[in-house]
Amino acid sequence: MKKDSVSAGDPVNVISKIASSVARNTVKFFRNIPSRVENYVKRKITDYKRKPKRDDVNKVYVLVGYTTKRHIESKYNAERSLIILNRGLLIIIFFLLLFISINAIIPYIRTDQYEEMFGISTVDDITRNDPFGNPGTTVTPSPDPNS
């Protein structure tokens, strides 16, 4: 039996079928773009017209179906509490990052060089000769360990 040159298992036949299918779908896609854009614009305009008018920045809720005012208020309170919770968490994260960064930097600061620059090693050195202190109390200077 003689085999036909173009059979179902022939790679040329399979590739041509795939290419024709891709071409048909591509043409159909580009032909439908204008109607899809038109439908999208009509849908957005209709949605905008159905919304109630807003006079201030507060959210306007539309009661749809069997919704009650209590249900809407509970949703509003839930959103409000989530906003407060998010702000609180952001503040906590900020302070944690600040604390971690300060603790990471402090070991690299040499305080002895500042003691040498200003000549002050303790708080007692600052308050020893305080001109604004009580005149009845005098503090005797301690012997300087460096002399």
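Read the figures in this text as sums done on the coordinates, not as results from a lab. Keep in mind that what you see is a predicted model, and the values were worked out from it rather than measured. Ideal geometry is used to build each Cβ from the backbone, glycine not excepted, and the neighbour counts take in all protein chains shown.
Table for the structure above
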item: Cα→Cβ-extended label distance, 7 Å offset, between residue 58 and residue 128, nm; result: 6.7 nm
item: In nm, spacing of pseudo-spin labels at residue 35 and residue 50 (7 Å Cα→C-beta vector); result: 2.2 nm
item: Sparse-neighbour loop sites [GluC sites (Glu not before Pro); the stretch 23-106; at most 10 other C-beta within 10 Å; DSSP]; result: none
